[in-house]
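J.: First, the structure itself, so that you have it in front of you.
The values are calculated or read from the model by the stated rules, or taken from the named source; none is laboratory data. Predicted, not measured: the structure shown is a model, and the values here were computed from it. FYI the Cβ positions are ideal-geometry reconstructions off the backbone, even for glycines, and counts take in every protein chain you see. Protein only, heavy atoms only, side chains kept; ligands, DNA and RNA dropped before computing areas. Shrake-Rupley method; radii C 1.70, N 1.55, O 1.52, S 1.80 Å.
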Amino acid sequence: MNEIKTQFTTREGLYKLLPHSEYSRPNRVPFNSQGSNPVRVSFVNLNDQSGNGDRLCFNVGRELYFYIYKGVRKAADLSKPIDKRIYKGTQPTCHDFNHLTATAESVSLLVGFSAGQVQLIDPIKKETSKLFNEERLIDKSRVTCVKWVPGSESLFLVAHSSGSMYLYNVEHTCGTTAPHYQLLKQGESFAVHTCKSKSTRNPLLKWTVGEGALNEFAFSPDGKFLACVSQDGFLRVFNFDSVELHGTMKSYFGGLLCVCWSPDGKYIVTGGEDDLVTVWSFLDCRVIARGHGHKSWVSVVGFDPYTTSVEESDPMEFSGSDEDFQDLLHFGRDRANSTQSRLSKRNSTDSRPVSVTYRFGSVGQDTQLCLWDLTEDILFPHQPLSRARTHTNVMNATSPPAGSNGNSVTTPGNSVPPPLPRSNSLPHSAVSNAGSKSSVMDGAIASGVSKFATLSLHDRKERHHEKDHKRNHSMGHISSKSSDKLNLVTKAKTDPAKTLGTSLCPRMEDVPLLEPLICKKIAHERLTVLVFLEDCIVTACQEGFICTWARPGKVPAEQFCRQEDRVQGVLQDQS
């Protein structure tokens, strides 16, 4: 029962692990992950007419690798990394490509580090252009997320384990002294400051969110809203344009570690130390479901835009080449058009409602991959109400959600999003807004950052993993060695007993409990990566092995034959 699975079946068909498409360090030696930062993977597609434009970056311990990613097409060649870097005194913790500026000759890669710095490098030209927070005057704590602002060639956002988040411009310096700030906006458990100086310098903005580490942030598909999850167990969703708090949610217990948006921006999924995945409605500002399948902390959550069957607009985003772009756009529009017609029918007639299904996935420290379907019966539990709510939840919505301050709110994703960069993220808009960019650069005003959209994976939790976190840590059993900081925060700020049973944190019996479609052990070490690509799913574990799972019908004949040879005699999972 505990063997590693190499295939699994869902309603779409058979997903198969491609052993020859595995990426790792060149010697394929498992990495000793004791005390190390999580292995992370970033993808980019260069504007390459050869049809082989996918590139892969991953960190293992002190090392950073940059490879050509051949996916399901060809076996990985680990002998020739395009670039390899080994760092001393610090470790890479996260990274992100700029999809907007990537070409076959040059690519901009941001790398965050355990000591707080952020480096801008070009792994194709093998250049290091800039180092931000070099003297650690801005923040001395570990970088948990770093992401380019989509649609911008120069702006990027960085989150730290201090609980702060900073907006940078690559064109500006960080200064030789610690920055001085002035308050721009303050609300419940958050504050936003601008940098006070005679000349424009980094950071342009400083966000302080919640208590304890800010483990991950994610922008909505249209870039107007920002979802943050923190070690204090709260999801906080902001209108990034107006710097207003849109809604909050509290974990069942423990910190929240990861967050993602549905492709249409209507739902947010979180995962964390309560071993649960939690589905939160953006429009209703409430928990609509929880999922229990993991036996330990949930590391990564992500929606699968290629299996999710309903979005009101094209969920695809470009993978780089013109041909790929046209193919994706055509496929996305076809699916979006059929979805629109079904939704129109659902709203305009009293016929039997159409099926609505969102697919998302999660991986955890229990070494398991879970896939989940968010279906009609969960989204619209009361059929008579569902037709009325459809106008709010499924079609373009302008009415304020429950719990809002009355401001008109539109689902973050009604505008047709451009194409999908292959990164540790959901589809996110790459819409350029020159006006907003210049206003941020010149005035660092929050309203100037309206068209941002990105998602990075969390990078917290590793300090306690090996010593403090037991594999059998499951719901109802909080480790006695939980973070002291978290314990202090909950006592000082929010008493969990007071939130349990409220709309912030409904009791388990008060919301539907999802069961995973599949829940398979796929690695020997804790899982840290889950990326949904068009022809495959990519996972990675803390040993430094990046695995490619071919989607049904996507296994090349030669790959299939080689795989059968390799796994011959091994009991395959047919369930």
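J.: Compute the signed sum of charges (Lys and Arg +1, Asp and Glu -1) over the other residues within less than 11 Å, Cβ to Cβ, of residue 181.
T.: Summing Lys and Arg as +1 and Asp and Glu as -1 gives +2.
J.: Let me ask you something else. Of the listed pairs 250/295; 80/130; 185/498; 130/521; 520/554; 250/521, which have alpha-carbon separations greater than 31 Å here?
T.: Violating the 31 Å Cα-Cα cut-off are 130/521.
J.: Here's something else I'd like to know. Given a 1.4 angstrom probe, what's the average accessible area per residue across segment 503-544, in square angstrom?
T.: It amounts to 36 Å² per residue over segment 503-544.
J.: Amide H to amide H, which residues 5 or more places from residue 22 or on other chains are under 5 Å from it, using H placed in the peptide plane?
T.: 76
J.: Lys and Arg at +1, Asp and Glu at -1: add these up for the other residues within a Cβ distance under 11 Å of residue 506 and post the number.
T.: +2
J.: Among the chymotrypsin sites (Phe, Trp or Tyr not before Pro) in segment 118-199, which ones are in a DSSP loop with at most 14 other Cβ atoms within 10 Å of the Cβ? Mind listing them?
T.: Of the chymotrypsin sites (Phe, Trp or Tyr not before Pro), not one in the loops of segment 118-199 has a Cβ with at most 14 other Cβ atoms within 10 Å.
J.: For residue 197 and residue 507 in the same chain, what is the full-extension length gain: residue separation times 0.36 nm, less their Cα-Cα distance, in nm?
T.: 106.8 nm
J.: With the other protein chains left in place, how much accessible area per residue, in square angstrom, belongs to segment 42-184 at a 1.4 angstrom probe?
T.: 37 Å²
J.: Another question, if that's okay. Give the relative contact order (percent, whole number) for segment 192-292; include only Cα pairs under 8 Å separated by 6+ residues.
T.: Computed value for segment 192-292: 17 percent relative contact order.
J.: Can I ask one more? Mind giving me the nanometre distance, one decimal, between the label points for residue 77 and residue 62, set 7 Å out from Cα along Cα→Cβ?
T.: 3.0 nm
J.: What nm value, rounded to one decimal, do you get for the distance between residue 137 and residue 32 when each label is placed 7 Å out toward the C-beta?
T.: 3.9 nm
J.: Quote to one decimal, in nm, the extra length available between residue 101 and residue 517 on full extension: 0.36 nm per residue of separation minus the C-alpha distance between them.
T.: 145.9 nm
J.: Can you give the charge dipole size of segment 1-46 about its Cα centre, rounded to the nearest 20 debye, using +1 on the beta carbon of Lys and Arg and -1 on the beta carbon of Asp and Glu?
T.: The dipole magnitude comes to about 60 debye.
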